[in-house]
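The values are calculated or read from the model by the stated rules, or taken from the named source; none is laboratory data. This is a predicted model, so every value here is computed, not measured. Here Cβ is always computed from backbone atoms with ideal geometry, including for glycine, and neighbour counts include all displayed protein chains.
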Amino acid sequence: MKYSNQLSDVAKNYLSAYYCILDDMIKGMTQAELTSSISANFIVQMIPHHMAAIEMSHNILKYTTNIPLQEIASNIITSQTESIQNMRQIQGACSEHKNCDRDIELYQRRVNQILQTMFTAMSDARADNRINCDFMWEMIPHHRGAVEMSKNALGFDICPQLKPILDAIITSQQKGIKEMQQLLRCLGC
């Protein structure tokens, strides 16, 4: 938690909720029950990741008056809610798609690296009175984590139903990163 200066009550409330969401996401992702299926493991770790993005977006929508940021947050809620629904629909079938121990080890080793990078970047994101900027500084590494996790899973034998979901995650989150980077520049963050 890095506070750069005296925080307003609004910033304190926003950031307090953010750190609770972050803690819940970290617990959900690191305590997920892993199996011998890369497809199932991806799903059980990505669902709490997406749920955190939805909660983070609802959190900023309580405070922001910035229309482009409202649109970004609303799009996150819509796309990640749909992605969760899609993953839950295929979760049973994908759990049957097993992988060898070596692939599971290689897959999870890379996931752990991605998670550590993402958790650190999100924990160390700037925290000040510019909550619009704070949200994007928090969400960009979150999106990058999803992109990297999806690309990692695509490098292994996964259930066919999961591939279009991974492609959609990569496409939507890369687009979201670009939109947030552009808005950060426009806001002078």
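Worth pointing out:
- Members of the stretch 20-35 that are polar (S, T, N, Q) and over 16 Å from Asn112 (Cα atoms): none
- Residue within the stretch 116-138 that is without any contact (Cβ under 8 Å) to a residue 24 or more places away in the chain and in contact with a helix residue (DSSP H, G or I) (Cβ under 6 Å, 6 or more places away or on another chain) present: yes
- Selection within the stretch 20-38 - touching a residue at least 24 places away in the same chain (Cβ under 8 Å) and under 18 Å from the mean Cα position of the chain (by Cα): Ile21, Leu22, Asp24, Met25, Ile26, Gly28, Met29, Thr30
- Members of the stretch 156-185 that are surrounded by fewer than 20 Cβ atoms within 10 Å (Cβ to Cβ), touching a residue at least 60 places away in the same chain (Cβ under 8 Å) and farther than 27 Å from Arg109 by Cβ: Glu179, Leu183
- Elements of type helices (runs of 4 or more DSSP H) contained in the stretch 60-167, each with 2 or more residues being within 30 Å of Leu183 (Cα to Cα), modelled with pLDDT of 95 or more and touching a strand residue (DSSP E or B) at 6+ places or on another chain (Cβ under 8 Å): 131-154
- Taking the stretch 144-155 as the range and being surrounded by fewer than 22 Cβ atoms within 10 Å (Cβ to Cβ), over 12 Å from Arg110 (Cα atoms) and touching a residue at least 24 places away in the same chain (Cβ under 8 Å) as the test, the residues that pass are Arg144, Val147.
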